[in-house]
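The values are calculated or read from the model by the stated rules, or taken from the named source; none is laboratory data. Predicted model, so just to flag it, every value in this text is computed and none were measured. Every residue, glycine as well, gets a Cβ built from its backbone with ideal geometry; the counts of neighbours run over all protein chains shown.
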Amino acid sequence: MPPSEQLVLQAHVVRLRALRSGAALGAALLLTLPAMAAAQDGAAPGVDTAEEQADEPLATRPAEDAPVPPPAPEFNAAGERQIAFEASTVSYDDNSDSVSASGDVVLRSGDQSVRADSVTWNRTSGQIVAEGDVRLVDEDGNQLFTDRVELTDELRAGAMSNLLLALREGGRLAAEQGVRDDAGNVILTRAAYSGCSVETPEGCPKDPSWRITAERVVYDPVAKKIRFRGAFLEIFGARVLPLMGLTIGTGGSASSGVLVPDIGYSASNGFELSESYYWRLAENRDLLFSGYLYSRVAPMVSAQYRALTDNGAYQATAYLTHSTRIPLGATEPTAEKDFRGYLFANGRFQLDPHWSVTGSIRVASDRTFLRRYDISRDDRLRSMAEVERIDDNSYLSVAGWATQVLLTDQDQGLVPIALPVIDYRRRLADPLLGGRIELQLNSLAITRTQGQDTQRAFARAQWDMRRVTAWGQELTLTALVRGDVYHSDENATTATAVYRGDAGWQGRGIAIAAVDLQWPLMGEFLGGTQVLTPRVQIVASPPIRNLEIPNEDARSIDLEDSNLFALNRFPGYDRIEDGARVTYGADWELTRPGWRVRSTIGQSYRLNDKPTLFPDGTGLNDQFSDFVGRTEVRFRDFVKFTHRFRLDKDNFAVRRNEIDATVGTDRTYIELGYLRLNRDIDLTFEDLQDREEMRAAARVAFADYWSVFGSAVVNLTDREEDPSFTSDGFEPLRTRLGVAYEDDCLEFGLTWRRDYIAVADARRGDSFRVFFSLKNLGLR
């Protein structure tokens, strides 16, 4: 018997109001049937025919950009789910007692939606099936693409075939079959998961770098976890590793589990293997345990704890081993094994919009532990604590600092501990002349367990007024007064005599006045805009007591472009430049499309020929200073070049020559750095010795994701520049070479490094390291 004729409604789009859940999906289809019957005799009530719509003037139709009515609420007042329905065609089959919708079918409820070529409701069985290019979006934003899916009355997927589940966080699950169990979990058969992108940045399709295949996969959308059974890791399509009992997180947060091990070799420790376990304690706290095995030395363990609080964050990292060591300057290990380790903890807390607390602790068991185990190459460790208050017009800091020296033979007892360090500043408006006043109170206490102790306190007031004349000159007037009080003892233990000061209580007064004039001149040049700014500054101060005052923070003196126009060219507060001087120079800048060039040069002249506190070789000890300057060249983000220099005023010899240059893109580039300090300063002064060094680094990218890279640091200082050096003027310190692969979800590579300098038990020699990382994957 032939099937009975089906009732068909043809319209542009059938739009029905939201209906309750339960049988809502079927009722939405069923309620179209009266309109379908009316369609056999003519137009459905309240629906114009296509001809009538075509004849209707455009002015009377709703505008295409008219606001779309807001979606119906997800639940009604009774708490029942409502489902909105759209389709191009709806039909009813008498034989099967089923209602079908086809042609751009859309079902919506809250943030959930289903789009399909057709949706069929079997009234006898109650089964609802969506077929043909099905796209389901759940309330979390996850998207399901499949050929066929059975839907629940809550718009949730039931049985599926040939499916792809695109998670909101970026991962993808593909499977031959899928079904949702009573607990809401999605169970997949013969499935694959990857966190990799399947498109290139240009939008072309590509295979994922890695994926996990499994016979069975369970996705828990509530816990945002994926559990695998019979899983294997595939890289570039090759099966490389079984993953038994694997569970990963999809919520964008890390999961507890074992991390990928690190493998390497070093001249000091031999072959190295490290393994870590990551423990996710809470959403804001985690713990990392690591173990390290070496072929030449005893094992080592470490732990790192991190926490994020409502007003800040902190972390603590510790390393511990039990092994022999070679003291600094010795050649043989100690007879007995010692506990060796390192503690690093830091944190910052913003207590309110103005108050904050910052702290850092770094301490090692001995001077060579960090270098021996390649944890850090720092030659000193600084610990500090600070409380700050900052608002629009004031600043308060109460801090303390301590330093541990490592790779030098300096006596730890001579290293200062600064506690407390108090600094308060406040800005005030000048009600008389319209300038700005800054007040400062500062106090410092320096303690040494085996050396000079110094305490300092001062009060400062500085007035600045800036005006722009009718001709465009920028005039700045400055006046500064300061009163200091110092106390020190055991001054004779300081090796450099000019740093000691007089023991006991000392005081001094400071007054400085300055006039600074700049005149920017603008014009066109080489198709761009140039600005030439001549600058003249006059600074005057009466004689100031300096040698009677201990010098703790003004020792590292060097004239350069950054301090040429400073009121005081000494760093810190303990030394003040007195007398009268004129400083002059010019800034020049050229800006044109893609290019920017900046250059500055200047010199100063003291108005008297009295001896100064500046040591010979600093460029400031004579009436005329040396010439200092800086040039910067930038071409888009491809070329960056900076050159700083100091030229001897008498013979134009280069006393400071510093170059930093970068050419290339983020993926392929070369970096060069060069520094030479040729100052010929007396060797008895600390931190003022001559140095010459060159640095180079480069990376070349190829084949989309591959790159080779290398770097080198070479000491060019010879015995003439520093007698303490034994090199001949070319001494490589460290070189590095490697090859790497990196895309959006996979990174691996091999690096080789050679250290040319041995420091106690940190030997010179070759080191190798293999690194491997699967991005977007948490293992357990």
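Provide a single number: the residues in segment 213-249 that are hydrophobic (A, V, I, L, M, F, W, C), closer than 17 Å to GLN177 by Cβ and at pLDDT below 90.
Residues meeting the conditions: 1.
Could you tell me whether segment 286-295 includes any residue that is over 29 Å from the mean Cα position of the chain (by Cα) and part of a strand (DSSP E or B)?
Yes, segment 286-295 has at least one match.
Inside segment 266-286, can you point out the residues that are buried (at least 17 other Cβ atoms within 10 Å of the Cβ) and either of a type in the set (Asp, Glu) or over 14 Å from SER302 (Cβ atoms) (or both)?
Start the filter on segment 266-286 by keeping residues that are buried (at least 17 other Cβ atoms within 10 Å of the Cβ), which leaves 266, 268-269, 272, 274, 276, 278, 286.
Selection gives SER266, SER268, ASN269, GLU272, ASP286.
Return the only residue of ALA554, ALA566 being among the small types (Gly, Ala, Ser), in a loop (DSSP other than H, G, I, E, B), without any contact (Cβ under 8 Å) to a residue 24 or more places away in the chain and surrounded by fewer than 17 Cβ atoms within 10 Å (Cβ to Cβ).
Being among the small types (Gly, Ala, Ser), in a loop (DSSP other than H, G, I, E, B), without any contact (Cβ under 8 Å) to a residue 24 or more places away in the chain and surrounded by fewer than 17 Cβ atoms within 10 Å (Cβ to Cβ) holds for just one of ALA554, ALA566, which is ALA566.
Taking segment 183-200 only, how many residues are among the aromatic types (Phe, Trp, Tyr) and within 26 Å of the chain's Cα centre (by Cα)?
Total meeting the criteria: 0.
Please specify each residue of segment 212-246 satisfying the condition of being surrounded by fewer than 19 Cβ atoms within 10 Å (Cβ to Cβ), out of contact with any Asp or Glu (no Cβ under 9 Å at 6 or more places or on another chain) and within 27 Å of GLU139 (Cα to Cα).
Those that are surrounded by fewer than 19 Cβ atoms within 10 Å (Cβ to Cβ), out of contact with any Asp or Glu (no Cβ under 9 Å at 6 or more places or on another chain) and within 27 Å of GLU139 (Cα to Cα): ARG216, ASP220, VAL222, ALA223, LYS225.
Can you tell me which residues in segment 187-201 are polar (S, T, N, Q), surrounded by 14 or more Cβ atoms within 10 Å (Cβ to Cβ) and part of a loop (DSSP other than H, G, I, E, B)?
SER197
Assess whether ARG734 counts as being modelled with pLDDT under 95 and either within 28 Å of the chain's Cα centre (by Cα) or aromatic (Phe, Trp, Tyr) (or both).
Answer is yes for this residue.
Can you spot a residue in segment 568-586 that is in the same structural domain as ILE549 (by TED's automatic domain parsing), β-branched (Val, Ile, Thr) and closer than 30 Å to TYR486 by Cα?
For segment 568-586, residues in the same structural domain as ILE549 (by TED's automatic domain parsing), β-branched (Val, Ile, Thr) and closer than 30 Å to TYR486 by Cα: present.
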